[in-house]
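Have a look at the structure below, then the notes.
Laboratory data are not the source of any read-out in this text; all were calculated from the coordinates shown. What you are looking at is a predicted structure, and each value in this text was computed from that prediction instead of being measured. Note that we place each Cβ from the backbone using ideal geometry, even for glycine, and neighbour counts take in every protein chain shown.
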Amino acid sequence: MNILKYREYIDTECSNHNNKILNRKALKLDGNNSLKMAVGCKDLKSCDYLKYKKDEILLIEISDIKKQFDSIMIRKDSLTVESKKQLGKKLNKKIDPRNIIRDELRAKYLETSLILKQLTENVKFNINKSKIFIIAICSKNISDIVAFQYLINDLKSSLKAFLKDVQIILAKDIGMVI
């Protein structure tokens, strides 16, 4: 298998950016014509891109977390007081947007690791390098990175056995990181 055929310019898919397609390439993991599909892992969640560097592997997830957070909040706020009481504290905690987003990102990282393992069965690929999980958010506002600091802390804590670092950056800044 030639994995380089999945190398493409990074598409941020951010509607609020002038340059959605960046002048940087990485291996496409997610989507129809992707590495994930080629290794038979179509049902797994994954990060959007993978950048294989000399000393580390960058796993890049591009997301409009702020929009997702706001959407979940609107739905949660639309629940009546009675509905929230019926859900109980444990389920109310589960429908908190911070927990939903954290759990989704954690699942994407862990399932991407399974895809990388499957990849090694098809090509010679060293997955034992240090991994950095980069979450690139569709925002032009640096304060959104600060607002999601809790997310970095939660993910670093829950994934510390699997990766070197977690970073949240603005999508437009991906080129500076990779």
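Key figures for this structure:
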| quantity | calculated |
| --- | --- |
| Helical mean residue ellipticity (222 nm; -39500 (n - 2.57) per DSSP H run of 4+; nearest 500) of the chain | -12500 deg cm²/dmol |
| Per-pair calculated FRET efficiency, R0 = 30 Å: residue 150 and residue 91 via Cβ, rounded to 0.05 | 0.90 |
| Contact order relative to length of the chain, as percent, for alpha carbon pairs under 8 angstrom and 6 or more apart | 25 |
| Difference of contour (0.36 nm per residue) and Cα-Cα distance, residue 176 to residue 82 | 29.0 nm |
| Partnerless cysteines, meaning none of the other Cys C-beta atoms lie under 4.7 Å away, in the chain | 41, 47 |
| Spin-label model distance (nm) - residue 117 vs residue 33, 7 Å beyond Cα toward Cβ | 3.0 |
| Measure of compaction for the stretch 3-177 (Cα Rg per 2.2 N^0.38 Å) | 1.10 |
| Extension gain (nm, one decimal) between residue 54 and residue 5, 0.36 nm per residue minus Cα-Cα | 15.7 nm |
| Candidate lysines for bridging to residue 42, where Cα separation is under 19 Å - those fewer than 8 sequence places away on the same chain excluded | 5, 28, 108, 117 |
